[in-house]
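**Student:** Just dropping this structure here.
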Amino acid sequence: MSDGLFIGGQWRAGSDGDTIVVHDPATGEAIATVAAGTPDDATAAVEAADRAQAGWAATAPRERGEILRASWQTLVDNADELATLITREHGKPLADARGEITYAAEFFRWNSEEAVRIHGSIGISPAGTNQIIVRHPPVGVVVMVTPWNFPAAMITRKVAPALAAGNAVVIKPPRETPLTALRVAELLAEAGVPDGVVNVVPTNHSGPWFDAATANRACRMVSFTGSTEVGRVLLRRAADRVLKVAMELGGNAPFIVFDDADLDAAVEGAMVAKMRHSAETCTAANRFYAEAGVADAFTEKLAAAMGDVKVGSGFDAGVTCGPMINAEAIASISSLVDASVGAGASVATGGSAIDGPGHFFEPTVLGGVDPADPITTNEIFGPVAPVIPFSDHDAMIDAANDTEMGLAAYVYTADVGKGMRTAERLESGMVGLNRGAMSDPAAPFGGMKQSGLGREGASEGIYEFCETQYIAASW
Ligand code: SIN
């Protein structure tokens, strides 16, 4: 595998020789060094994408679809190697890393089938004077900035639809997990993606890199997954060139358990919603609202399940929660938990960081959390479940919606009608009804309010990477 920048189908060193050292979060040890790109390298990558753009856009949809299908197959064939890379640089348990590769690859299979179904429309103007023809050409070169929590899937969720629509892309993977990104790019090239259609340039200088990439006239769109804080900055910068944007930003998901819910199913769902991928997901349940009649029993059962979680290196047998990504993550989780306990929450299990080496935190359940506690308004991004008892349904819905975030929400109830009515009132782009996981390449992933702009996955995910052109025609 190469440790260079991947530009125009070639591997090269960064133009000033800079490098990134990748660390294993389970030990803190350095495990690899890769080239780091400068702003000039970002420009070179956009230029390479621009050279490839017209040819790829002109490639027949069926052929693009077949290359995407081959990409799916290649990722699946190399799943063990890719999963090992993910666990090395991200730390998540190997089973989660394998699951991530299946999920990541599936974006190629789904979009291979959709590449031949990018539809426009034709209609007659109300006056009957002309035809209204609507078509969806590719937007052009897309700059993608991706996060470390899903080193493969957050790349493929963008790249597969962008390629299906006929675009070339430049990816800035995160400094924490560049190895998976580089290997995925190499495999896509082996699957037949032409030179320059996918370019990957890790960097130590995100701001100047982004400015250089997006200042280039060939860049027509920015697709970002990460925090709302960074998303706001990128939106401001993209505004200078009025670029099309797609933003998958932070979450603060409520997980609501009504007193008629099957408690065992609710706890099972809660464990998935909270703990999948070591609790480092934007969709992670962040605050658990449990109705008064079941709040104690739910807290107790959830604490038992969290207490049973084996924490450790993602390579160790039986481990289902790996390390957090770095020391800053541990400090942030600790300060939220300490403040909550200081304000009167009880610790049902866990509560503390685990001594190093590595960056581990005990799976934690906090009981009797005040609805206004800061832990309910901040994205925890770690294995901590605050439980907030409620008795008034309307007040609970108001509290669940009392956030600028609106990515994911979860509802558990035996009464599907009540569940649907609750889902409809939640200001959330995605709702799991009696389900702890929702992610699916065939479904539109994305948030309301400050959780994002646009959707990834489903057919909506492809149209994000298209323009709309209307032709008024008479004949
Ligand atoms: C994310 O955390 O942004 C992605 C979660 C998912 O796709 O399930």
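The values are calculated or read from the model by the stated rules, or taken from the named source; none is laboratory data. All values reported here derive from a predicted model rather than from experimental measurement. Every residue, glycine as well, gets a Cβ built from its backbone with ideal geometry; the counts of neighbours run over all protein chains shown. Quick note on the areas: whole protein, heavy atoms, side chains included, nothing else; ligands and nucleic acids left out. Shrake-Rupley method; radii C 1.70, N 1.55, O 1.52, S 1.80 Å.
**Student:** Checking the condition in contact (Cβ under 8 Å) with a residue 12 or more places away in the chain, closer than 18 Å to Val198 by Cα, under 25 Å from the mean Cα position of the chain (by Cα) and in a helix (DSSP H, G or I), which residue from Ala57, Ala97, Ala83, Ala49 passes?
**Tutor:** Just a single option satisfies the conditions, and that option is Ala49.
**Student:** Just give me the residues in the stretch 116-132 being in contact (Cβ under 8 Å) with a residue 60 or more places away in the chain and not hydroxyl-bearing (Ser, Thr, Tyr), in sequence order.
**Tutor:** Within the stretch 116-132, Arg117, Ile118, Asn130, Gln131, Ile132 meet the criteria.
**Student:** Tell me whether the stretch 104-123 contains one or more residues that are in contact with a Cys (Cβ under 6 Å, 6 or more places away or on another chain) and of a type outside the set (D, E, K, R).
**Tutor:** Taking every residue of the stretch 104-123 in turn, none turns out to be in contact with a Cys (Cβ under 6 Å, 6 or more places away or on another chain) and of a type outside the set (D, E, K, R).
**Student:** Of all residues in the stretch 139-169, how many are within 16 Å of the ligand (Cβ to nearest atom) and of a type outside the set (Val, Ile, Thr)?
**Tutor:** Number satisfying all stated conditions: 13.
**Student:** Please determine, by comparing only the residues of the stretch 245-277 that are in contact with a helix residue (DSSP H, G or I) (Cβ under 7 Å, 6 or more places away or on another chain) and under 17 Å from Val145 (Cα atoms), which one is surrounded by the fewest Cβ atoms within 10 Å (Cβ to Cβ).
**Tutor:** Per the criteria, the residue is Val245.
**Student:** So which residues in the stretch 225-244 are in contact with a helix residue (DSSP H, G or I) (Cβ under 9 Å, 6 or more places away or on another chain) and among the basic types (Lys, Arg), if there are any at all? Can you show your working first?
**Tutor:** Within the stretch 225-244, the first condition is being in contact with a helix residue (DSSP H, G or I) (Cβ under 9 Å, 6 or more places away or on another chain), and the residues that meet it are 225-226, 230, 233-234, 237-238, 240-241, 243-244.
Across the stretch 225-244, the qualifying residues are Arg237, Arg241, Lys244.
**Student:** Scan the stretch 337-349 and report the pairs whose first residue is open to solvent by 30 Å² or more (accessible area, probe 1.4 Å) and whose second residue is among the aromatic types (Phe, Trp, Tyr), with Cβ atoms within less than 9 Å and a gap of 6+ or a chain change.
**Tutor:** So the pair list comes out empty.
**Student:** So for the stretch 101-111 (the condition being within 16 Å of the ligand (Cβ to nearest atom) and in contact with a strand residue (DSSP E or B) (Cβ under 7 Å, 6 or more places away or on another chain)), does at least one residue qualify?
**Tutor:** No, that holds for no residue.
**Student:** Could you check the stretch 303-317 and list, in sequence order, the residues that are open to solvent by less than 40 Å² (accessible area, probe 1.4 Å), touching a strand residue (DSSP E or B) at 6+ places or on another chain (Cβ under 7 Å) and either modelled with pLDDT under 95 or not in a loop (DSSP other than H, G, I, E, B) (or both)?
**Tutor:** Ala303, Met306
**Student:** Need at least 3 residues that are more than 16 Å from the ligand (Cβ to nearest atom) and touching a residue at least 24 places away in the same chain (Cβ under 8 Å) per element, so show me which strands (runs of 3 or more DSSP E) inside the stretch 364-475 make the cut, counting only ones lying wholly within it.
**Tutor:** Answer list for the stretch 364-475: 364-367, 384-390, 469-473.
**Student:** If you don't mind, another one. Does Glu404 satisfy the condition of being surrounded by fewer than 15 Cβ atoms within 10 Å (Cβ to Cβ), touching a strand residue (DSSP E or B) at 6+ places or on another chain (Cβ under 7 Å) and modelled with pLDDT of 95 or more? It would help to see each step written out before you state the result.
**Tutor:** Values: surrounded by fewer than 15 Cβ atoms within 10 Å (Cβ to Cβ): yes; touching a strand residue (DSSP E or B) at 6+ places or on another chain (Cβ under 7 Å): yes; modelled with pLDDT of 95 or more: yes.
Criteria met by Glu404.
**Student:** Quick check on my filter: what residues within the stretch 241-300 are in a helix (DSSP H, G or I), within 15 Å of the ligand (Cβ to nearest atom) and hydroxyl-bearing (Ser, Thr, Tyr)?
**Tutor:** Correct list: Ser278 only.
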